[in-house]
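Read the structure below first, then the notes.
A short reminder: the numbers here are calculations on the coordinates, not readings from a lab. A quick note: this is a predicted structure, and the numbers were derived from the prediction, not measured. All Cβ positions, even for glycine, are placed from backbone atoms using ideal geometry, and neighbour counts span all protein chains on display.
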Amino acid sequence: MFQVIEFQNPLVSHRHCFLELCQMKHYQYSSLRLAKYSSTMLLYYLHRPNANSLRPRCSNCMQAIRKTRWHCSRDLSEINLCCDCYAVIGPNSTSQFTPFRCTGFADLDDNLDD
């Protein structure tokens, strides 16, 4: 018989955490090709929850974003700012930034790879 092994992972512990990951990484399931890629990447991060590339990083200071990610898509480039950098750059910028919570990564804060 098969033995079922259960493990806890903060990325799929709640629906909103999974949705947040898919939105941040642009994972889509609208076609077979995109679904295969998205599923493969999801499996990669499930086996490596502390991967350095999983955590969103600030485009200005390159630090891991902890609570709120200020996002702007402009000129085919994506900009993510932490709260500290947004306080300096965001209000003076001509670009419009949208805040996104980083709730799915709260359990990974102490285990970041350098």
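Coupling constants for region 62-67 follow from the phi torsions by the Karplus curve (6.51 cos²θ - 1.76 cosθ + 1.60, θ = phi - 60°), and in residue order they are 6, 8, 5, 7, 9, 10 Hz; glycine and proline get x. Once semi-axes √(5λ) of the Cα gyration tensor in Å is calculated for the structure shown, the corresponding label among (i) 29, 17, 11; (ii) 30, 17, 15; (iii) 23, 14, 13 turns out to be (i). Rounded to the nearest 10 degrees, the angle from helix 32-47 to the longest Cα principal axis of the chain is 90 degrees. Summary: within the chain, the longest segment free of chymotrypsin sites (Phe, Trp or Tyr not before Pro) located in DSSP loops with at most 13 other C-beta atoms within 10 Å is 30-114. Among the GluC sites (Glu not before Pro) in region 1-81, those located in a DSSP loop and surrounded by at most 10 other Cβ atoms within 10 Å of their own Cβ are 6.
Fully extending the segment from residue 101 to residue 73 would add 8.4 nm, taking 0.36 nm per residue of separation and subtracting the current Cα-Cα distance. In this structure, the amide hydrogen of residue 69, modeled 1.01 Å from its nitrogen in the peptide plane, lies closer than 5 angstrom to those of 100, 101, 102, counting only residues at least 5 positions away or on a different chain.
Helix 15-25 and the longest principal axis of the Cα set of the chain meet at an angle near 60°.
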